[in-house]
Amino acid sequence: MNIEEVSQLIKSRQSLYPPQMQAGAKIPDEDIWKLLENANYAPSHKRTEPWRYVVFSGDALKEFFDKMGEIYKEITPQEEFDASKIDKFRAKGETLSHLIAICMKRDPQKRVPRQEEEYAVACSVQNILLSMKALNIIGYWGTGKIAFSKQMKAYLNLAEEDQCMGFLQLGVPKEGLPDIPKKQMSGIETKVEWK
Ligand SMILES: Cc1cc2nc3c(=O)[nH]c(=O)nc-3n(C[C@H](O)[C@H](O)[C@H](O)COP(=O)(O)O)c2cc1C
């Protein structure tokens, strides 16, 4: 593998969303396992390997989005509540192929600071995001109040010190999906101080 190939993979990764997916089309479970296998090769301080994943597909995926609606209702103040969101959750359940809840399992001995465990999980997620291209899988990492709620933590059977870090929402690209140019906000030179 040369640097051009590595750069091409990294630079061609992009977030794509449900409107770009074939509603209801299924990614083979074996391909999801290939993503997860690569996820397991991320670095972690003291080798705590804090990434945990919960995979939802089929009926479990639909139930997941029902649960999202329930939690949304529970945590949203009445004046901000928007009933159309519940329908949007349901529609996502019909469109996505798999949803993977991204979880951080805190080292029981707390040998490293909590944020280092989160960094390691983010590295693991990037392994997944980069692997998706080769398997013709599209999707994105979504976060938000529901993901971070105590209700979601309970639903995912996480302990108090653990954390749900969001959801990988995955699907099959629509036939003939045109190349969507990836936007880069600013060049790296503007983000580096070299002394
Ligand atoms: C930690 C994290 C959280 C994100 N949360 C959301 C989200 O809640 N909703 C969303 O639409 N995209 C979310 N994204 C995806 C970003 O919007 C996306 O990465 C960004 O627009 C850059 O586009 P690209 O991934 O194609 O480079 C998240 C990305 C990261 C890394």
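Bear in mind these aren't lab numbers, they're just calculated from the coordinates by the rules spelled out. Computed from a predicted structure; not experimentally measured. Cβ atoms come from the backbone with ideal geometry, glycine included; neighbour counts cover every protein chain shown.
Please give the charge dipole size of the chain, origin at the Cα centre, charges +1 on K and R Cβ atoms and -1 on D and E Cβ atoms. Round to the nearest 20 debye.
In total the dipole reaches around 340 debye.
Near Glu160, within a Cβ-to-Cβ distance under 13 Å, what is the net charge of the other residues, with Lys and Arg +1 and Asp and Glu -1?
Net of charged neighbours comes to +4.
Quick one: what does P(r) look like for segment 58-144 with 10 Å bins over all Cα pairs, in whole %?
With a bin width of 10 Å, the distribution comes to 14, 34, 32, 19, 1.
If Lys and Arg each add +1 and Asp and Glu each add -1, what is the summed charge of the other residues whose beta carbon sits under 9 Å from the beta carbon of Gly93?
Neighbourhood net charge equals 0.
So which GluC sites (Glu not before Pro) in segment 109-191 pass both tests, a DSSP loop state and at most 16 other Cβ atoms within 10 Å of the Cβ?
Here the sparse-neighbourhood loop sites are Glu160, Glu161, Glu175.
To the nearest 0.05, how large is the calculated FRET efficiency for Ser15 and Lys150 if R₀ is 22 Å and r is the Cβ-Cβ distance?
So, using R0 = 22 Å, E works out to roughly 0.20.
Pick out, in residue order, every one of the chymotrypsin sites (Phe, Trp or Tyr not before Pro) in segment 99-195 that is DSSP loop and has at most 15 other C-beta atoms within 10 Å; say none if there are none.
Phe148, Trp194
Identify all lysines with a Cα-Cα distance to Lys46 below 27 Å; exclude those on the same chain that are fewer than 8 residues away in sequence.
Those lysines meeting the cut-off are Lys34, Lys105, Lys110, Lys153.
Please sort by residue number the chymotrypsin sites (Phe, Trp or Tyr not before Pro) in segment 32-106 whose DSSP state is loop and whose Cβ has at most 12 other Cβ atoms within 10 Å.
Filter output for segment 32-106: Tyr41, Phe81.
How much net charge surrounds Lys182 when only other residues with a Cβ under 14 Å from its Cβ are counted (Lys, Arg +1; Asp, Glu -1)?
So the surrounding residues net to +3.
Say each of Met1 and Ile180 gets a label point 7 Å from the Cα, pointing the same way as Cα to Cβ; how far apart are those two points in nm?
Result: 2.6 nm between the two label points.
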